[in-house]
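The values are calculated or read from the model by the stated rules, or taken from the named source; none is laboratory data. Predicted model, so just to flag it, every value in this text is computed and none were measured. In this analysis, Cβ positions are derived from the backbone assuming ideal geometry, glycine residues included, and neighbour counts consider all displayed protein chains.
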Amino acid sequence: MTFYICTACGTQFNEGSEPPSCCLICEDDRQFVPPSGQGWTDMAELRATRELIWTKEAKGIHSLQISPEFAIGQRAFLIEGPDGNILWDSVSLLDQTSINRIAAMGGLAAIAISHPHFYSSMMDWSSAFGDVPVYIHADDGEWVQRSGPAISPWAGEVFELNQAILVRCGGHFAGSSVLHCPWLENGEGALFVGDTMQVTLDRRYVSFMRSFPNLLPLSSRAVNWIGEAVRPFRFEAIYGGFSGRTIKQDGSRVVERSVLRYVHAIEGHTSQRE
């Protein structure tokens, strides 16, 4: 019996003697099945062929990313908090080196996931640290492919988590969320966004999509809602879900002007000649 992992999106499934017949995450219109078809691996194979790379992003913030790149290629974050360490988002690989390192840092107090594309091997991460709770928004519970008692759905628009705040933004998924940590960046605050908001390559804006790989936009109403959801919070930095996608200054103002830019474009206020 094996906990199979989809090689396209990195999601780990419930234990079985054979791979699942399909990956529901990939078959959804926000993701895709590769031209070569669905492929499968497991934790043992990942440990034999890849490693987790740690990068200190700022004081109290460490990113974790699989090398060589696997599946979607997202980064997770180990956030040092006043009430214990938080793992924000997850990756498919969990190696012994990282288990030892996190244990030496005090372990994990909680795991919080932005949306289903980053569920990956969240249950293995939880199990390795004493079945620590995994917080996902209840609106996205149908997308959980590996179940377990550690999964802790939260509902509503905000949820307090060890002096951090989970904020439901919607848009990408109904329960797509961000994490606000006010103690980081010398007390100026940091926002961890997964790709509920996608930090653009120029690192001057964020953008918003129902599907990034399939280029499905959101409505202006949905994007305005995202802006309203985070407006009460102040943050200097924005940490996106992928390597290099970090905005270090004026994060709150970046989101405000990004919402305005997106809405103007989607409503046709931007000339085709511009």
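Looking at the range 42-49, can you tell me whether even one residue there is within 21 Å of residue 140 (Cα to Cα), touching a residue at least 12 places away in the same chain (Cβ under 8 Å) and either surrounded by 19 or more Cβ atoms within 10 Å (Cβ to Cβ) or charged (D, E, K, R) (or both)? For the range 42-49, residues within 21 Å of residue 140 (Cα to Cα), touching a residue at least 12 places away in the same chain (Cβ under 8 Å) and either surrounded by 19 or more Cβ atoms within 10 Å (Cβ to Cβ) or charged (D, E, K, R) (or both): absent.
Quick test of your reading of the structure: residue 162 fulfils all but one of (1) touching a Gly at 6+ places or on another chain (Cβ under 9 Å); (2) at pLDDT 95 or above; (3) of a type outside the set (Val, Ile, Thr); (4) surrounded by fewer than 20 Cβ atoms within 10 Å (Cβ to Cβ). Name the failing condition by number. So residue 162 meets the others, but not (2).
Exactly one residue out of 65, 74 is under 21 Å from residue 246 (Cβ atoms) and in contact with a Leu (Cβ under 8 Å, 6 or more places away or on another chain), and it is 65.
For the range 1-54, a tally of residues being assigned to a loop (DSSP other than H, G, I, E, B) and among the β-branched types (Val, Ile, Thr) returns 3.
Out of contact with any strand residue (DSSP E or B) (no Cβ under 6 Å at 6 or more places or on another chain) and surrounded by 12 or more Cβ atoms within 10 Å (Cβ to Cβ): which single residue out of 86, 102, 53, 79 fits that description?
Result of the check over 86, 102, 53, 79: 102.
Restricting attention to the range 201-248, the residues being among the polar types (S, T, N, Q), touching a helix residue (DSSP H, G or I) at 6+ places or on another chain (Cβ under 8 Å) and not in a helix (DSSP H, G or I) number 2. Looking only at the range 55-72, residues that are closer than 22 Å to residue 5 by Cα and either of a type in the set (D, E, K, R) or in a strand (DSSP E or B) (or both) come to 6 in all.
None of 262, 239 is under 16 Å from the mean Cα position of the chain (by Cα) and aromatic (Phe, Trp, Tyr) except 239. Please specify each residue of the range 142-179 satisfying the condition of being in contact (Cβ under 8 Å) with a residue 60 or more places away in the chain, farther than 30 Å from residue 215 by Cβ and either polar (S, T, N, Q) or in contact with a Pro (Cβ under 7 Å, 6 or more places away or on another chain) (or both). If the condition is that a residue be in contact (Cβ under 8 Å) with a residue 60 or more places away in the chain, farther than 30 Å from residue 215 by Cβ and either polar (S, T, N, Q) or in contact with a Pro (Cβ under 7 Å, 6 or more places away or on another chain) (or both), then 147, 162, 163 are the ones that fit.
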